[in-house]
1. Express in nm, to one decimal, how much length is gained between Val330 and Arg102 on full extension, taking 0.36 nm for each residue of separation and deducting their alpha carbon distance.
2. Quick one: with all protein chains in place, what share of the accessible area of the chain is carbon or sulfur, to the nearest percent (1.4 Å probe)?
3. Which of Lys92/Lys161; Lys58/Lys233; Lys209/Lys253 have a Cα-Cα distance over 30 Å?
4. Hey, can you rank 337-343, 281-287, 184-190 by average C-beta count inside 10 Å, highest first?
5. With a 10 Å radius around each residue's Cβ, average the other Cβ atoms per peptide and rank 245-258, 295-308, 152-165, highest first.
6. Determine the sum of side-chain charges near Cys101: Lys and Arg each +1, Asp and Glu each -1, restricted to other residues whose C-beta is under 11 angstrom from that of Cys101.
7. How do Met334, Met171, Met309 rank by accessible surface area computed with a 1.4 Å probe, from largest to smallest?
8. With all protein chains present and a 1.4 Å probe, how do Lys346, Lys276 order by accessible area, largest first?
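The values are calculated or read from the model by the stated rules, or taken from the named source; none is laboratory data. Nothing here was measured: the structure is a model prediction, and the numbers come from that model. Cβ placement follows ideal geometry from the backbone for every residue including glycine, while neighbour counts extend to all protein chains displayed. Accessible surface areas use protein heavy atoms only, side chains included; no ligands, DNA or RNA. Shrake-Rupley method; radii C 1.70, N 1.55, O 1.52, S 1.80 Å.
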Amino acid sequence: MTVEQAVSLVTAADEEAKKACKRRWDSIAKPLNSLGKLESYLIKIAGMTGTSAISLKKKALVVMCADNGVVEEGVTQTGQEVTAIVSENFLKEQATASIMCRETGTDIFPVDIGIATDTNIINKKIAYGTRNMTKGPAMTREEAEKAIMTGIEMVGELKEKGYKIIATGEMGIGNTTTSSAVVSVLTGLPVENVTGRGAGLSTEGLGRKINAISRAIKINRPDPEDGIDVLSKVGGFDLAGLAGVFLGGAVHKVPVVIDGFISAAAALAAVRICPKAREYMLASHVSKEPAAAMLLEKLELEAALHCDMCLGEGTGAVALMPLLNLACAVYNGMSTFQDINVEEYKPLA
């Protein structure tokens, strides 16, 4: 199957299922809409899955891991070797995201989609890292499409295993650089406005990062109307894989949770490829990265959490899971007004 063929399968969210979920919430013996976003998230999930019978007991975090050739330009504080080290730590419960997964009952699936060395994690490697985007396209269009399909197929595999919701994460030294490039192209905003310090760049390092992104965009001239073209020219394997996960959520009708800035950049690319994919996304938190809030506005999504997080790895997405668990517990377990013989609340005029 090609990306185009997969995207052709996407349909709009189920409005009748959303209405049924809203009726259930309104029948529960509590003030109307009093759980706010906890209610709206489940209503969205009903539309995504096509049913008001909601269970999120089996949860997954997919972490796309890859290296980026642009690190040659001095845009990072650490070297590429860190990507492989942290990626393998996910399986040892020695990375932040894996510890958070353990505590929230979320299974973690780290995927080597383009790390510069061989690793012990799930092997879906397209190549040993991308090329330096300041000297030409980061990858070919065929490589980008293969990475996107990897994400789409990953969602299908997890759904077959019974997973009901998927959080997105990434690991790749240099990927705030590629993400800023993708966001600048897709939004038309100046590079300086969408580029932050990543994992702790100095002012001088930030200048090199902005310069590298500007050169990459000028040299490659990615088409902002073509999400695949943008990902292939100034993106990374991790971003393309994540875009595929978001598209896969829409194809397979599985809710997918956006993490922070990098994940949201991939989500925006996915929406450019398939606008209906937005209906299958949930926003977790507002990242501390400069353009994070703007990205959520572009996606027309509101996040539940404001924690000043900017770690990546899927940490923000996983942090949303306990809230969703609480919402499900009330939604599925609480008595209705009819059960306790109390008159229902009525919407105020």
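1. Fully extending the segment from Val330 to Arg102 adds 79.8 nm.
2. 52 percent
3. Working: Lys92/Lys161 22 Å; Lys58/Lys233 36 Å; Lys209/Lys253 37 Å.
Checking Cα-Cα distances, Lys58/Lys233; Lys209/Lys253 exceed 30 Å.
4. 281-287, 184-190, 337-343
5. On the way: 245-258: 27.1, 295-308: 16.0, 152-165: 18.2.
In descending order of packing, they fall as 245-258, 152-165, 295-308.
6. Its environment carries a net charge of -2.
7. Working: Met334 70, Met171 20, Met309 45 Å².
If we order Met334, Met171, Met309 from most to least accessible, we get Met334, Met309, Met171.
8. These residues rank, largest area first, as Lys346, Lys276.
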